[in-house]
Every structure is written in C-alpha cells, then in structure tokens.
Amino acid sequence: LELNLNPPTAWLAEHPDEVVKIASGDANYPSIGSRAWVDAAKTRLAALIEHLRQSGAIEGVTGITLTALEDGYWYRADGYDSSTAGTASFREWLTRRYAGDDALRASWGEAEGSLDAAAVPARTADADDGATFFALPAERRWVDYLRYVSEATADVIAEFATHVKSLTGPSFLVYAPYGFGLELSQNDAGHFALINLIDSDIDGFISPLPTLERGLGTPGGLTAVVGFGAMLTASLEWAL
C-alpha cells in the first residue's frame with residue numbers, strides 16, 4: 001500500500017499553527033515539527049491497519065509506503081518554515097544540542113539570545129543556488145536550522161515506521177521516499193539525514209528517476225544513492 005500522510009484541507013484550516021509557513025505564504029502540508037499532525041496521522045494509521053485486520057485484507061498486504069509533504073516525497077520546496085509548530089520544534093532541537101543559553105550564544109557568536117526565543121532564520125538570498133558553505137560563527141544559525149530540518153524529517157519518518165511495526169510485526173515492510181541527494185539542490189529540502197534512518201525500523205527507500213534522465217537515450221538513474229553496501233560486499237567477496 002502507498003499511504004499519503006498529508007492531512008486534508010479541512011484539517012489544515014482547523015490547525016493553522018501546524019501548517020508550514022514560508023515567505024510566500026502557507027503551504028498545503030503540515031510542518032515537520034507538528035506534533036498535532038504526527039499524533040493524528042498515527043491514530044489514522046492504527047485505524048487503517050485495524051480495518052485491514054478486521055476485514056481480513058491484511059493477509060494480502062506485505063507492507064506500506066509512507067508518503068507526505070511536497071509531492072508525497074518528504075521534502076519542502078519553498079523556504080524555511082517559520083510556523084508556530086516549526087519554530088517550537090526548532091527550539092526543542094536547539095535545546096537538545098546546546099547545554100544552555102550561554103552555549104547557544106557562543107556558538108552563534110551573539111551577545112544576546114536564548115533557546116526559548118530562538119527564531120527560524122530568514123532564508124539566505126543564495127539558497128536557491130544550493131549554497132553549501134557558511135561563515136562561522138556569524139552564520140551558524142543557518143547551519144543549525146538546515147541540520148534540524150533534515151534530522152527532524154528523518155526522525156518523523158522513523159517514528160511512523162516504528163509505529164507501523166508495533167501494530168503489524170517485524171515482517172510487515174515499511175518503505176519511504178527519502179534521500180534524494182542527487183536531485184534536490186536545495187539544502188533546506190530535508191533529505192540530508194539518511195544516516196538517521198539506517199538503524200531505524202524503515203526497511204527500504206524508494207526513489208523516482210531524476211527529471212533530466214527520463215527520456216530516450218538517458219541512463220534513467222535514481223535520485224538517491226542506492227546499492228552501495230551490496231556493491232561493497234560483492235567487491236570484497238571478489239577480492240577474497
């Protein structure tokens with residue numbers, strides 16, 4: 001099964017603080033930091049699996065692919081999320097990363113500021129060009145936010161995967177589209193914490209073909225790095 005975890009328009013309208021807020025307005029999907037959305041989605045997941053079990057249809061289902069956010073691919077395309085939920089989640093992440101306000105100020109090179117009042121930074125003008133390098137410590141807040149976005153996205157996917165496994169058992173497969181590092185040039189896309197999912201309950205990842213490699217005469221590769229472990233193992237076996 002493929003399940004879209006994005007809530008309906010009515011839910012978004014009833015929970016404006018949980019919706020992604022960007023410079024151009026509100027997006028049509030929830031903030032990755034929204035606990036209200038995660039909890040609601042987990043409730044609906046449980047209801048779906050229970051329905052499959054009660055109807056007997058679960059016997060014909062081997063697993064589920066979890067999709068959400070932009071195009072169902074777990075990324076956001078239009079800027080930094082300054083929603084109420086997104087800001088609160090970013091502050092929680094900072095609190096786990098830094099021992100206190102003094103540590104935050106030292107890292108960010110600021111004389112004032114606190115974990116409770118930290119704001120999501122404005123997107124830099126060159127973000128659309130895939131800016132990679134930042135001046136430290138003056139631009140540390142941007143580095144922290146970009147790391148937060150990817151880690152928060154991966155952690156939410158992992159949480160959903162664990163929830164599904166707890167309802168179905170270890171043999172029920174859970175996939176998600178994630179890790180499109182060969183396609184997404186935006187460093188705020190949220191797809192750069194694949195390592196956070198390696199030891200999670202996710203069984204695998206799916207990927208579309210890159211937009212530039214879908215025509216005749218093109219290689220048609222994936223947008224994510226795949227098969228490295230298998231290739232490395234094969235190479236070692238051949239060498240031995």
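Quick one: how many residues across region 58-95 are among the charged types (D, E, K, R) and touching an Asp or Glu at 6+ places or on another chain (Cβ under 7 Å)?
Of the residues in region 58-95, 2 are among the charged types (D, E, K, R) and touching an Asp or Glu at 6+ places or on another chain (Cβ under 7 Å).
Of the numbered conditions (1) out of contact with any Ser or Thr (no Cβ under 7 Å at 6 or more places or on another chain); (2) under 22 Å from F90 (Cβ atoms); (3) of a type outside the set (A, V, I, L, M, F, W, C); (4) at pLDDT below 90, D129 satisfies every one except a single condition; which is it?
(2)
Okay, residues lined up against (1) of a type in the set (D, E, K, R); (2) farther than 28 Å from V38 by Cα; (3) in contact with a Lys or Arg (Cβ under 7 Å, 6 or more places away or on another chain):
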| residue | (1), (2), (3) |
| --- | --- |
| A57 | no, no, no |
| D78 | yes, no, no |
| T84 | no, no, no |
| D102 | yes, yes, no |
| A119 | no, no, no |
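Could you check region 63-77 and list, in sequence order, the residues that are of a type in the set (F, W, Y) and surrounded by fewer than 19 Cβ atoms within 10 Å (Cβ to Cβ)?
Those that are of a type in the set (F, W, Y) and surrounded by fewer than 19 Cβ atoms within 10 Å (Cβ to Cβ): none in region 63-77.
Just the residues that are of a type in the set (S, T, N, Q) and either part of a helix (DSSP H, G or I) or surrounded by fewer than 20 Cβ atoms within 10 Å (Cβ to Cβ) (or both), please, taken from region 32-62.
If the condition is that a residue be of a type in the set (S, T, N, Q) and either part of a helix (DSSP H, G or I) or surrounded by fewer than 20 Cβ atoms within 10 Å (Cβ to Cβ) (or both), then T43, Q54, S55, T62 are the ones that fit.
Can you tell which of Y29, Y80 is assigned to a strand (DSSP E or B) and open to solvent by less than 20 Å² (accessible area, probe 1.4 Å)?
Values: Y80 fails: assigned to a strand (DSSP E or B).
Of Y29, Y80, the one residue that is assigned to a strand (DSSP E or B) and open to solvent by less than 20 Å² (accessible area, probe 1.4 Å) is Y29.
Surrounded by 15 or more Cβ atoms within 10 Å (Cβ to Cβ), charged (D, E, K, R) and at pLDDT 65 or above - does that describe any residue in region 204-214?
no
If you scan region 4-26, which residues turn out to be open to solvent by less than 30 Å² (accessible area, probe 1.4 Å), aliphatic (A, V, I, L, M) and not in a strand (DSSP E or B)?
Going residue by residue through region 4-26, those that are open to solvent by less than 30 Å² (accessible area, probe 1.4 Å) are 5, 7, 12, 19-20, 22, 25.
Right, trim to aliphatic (A, V, I, L, M) and you get 5, 12, 19-20, 22.
Correct list: L5, L12.
The values are calculated or read from the model by the stated rules, or taken from the named source; none is laboratory data. Only a predicted model underlies this, so the values are computations on that prediction, with no experimental measurement involved. Cβ atoms come from the backbone with ideal geometry, glycine included; neighbour counts cover every protein chain shown. SASA here: full protein model, heavy atoms, side chains in, ligands and nucleic acids out. Shrake-Rupley method; radii C 1.70, N 1.55, O 1.52, S 1.80 Å.
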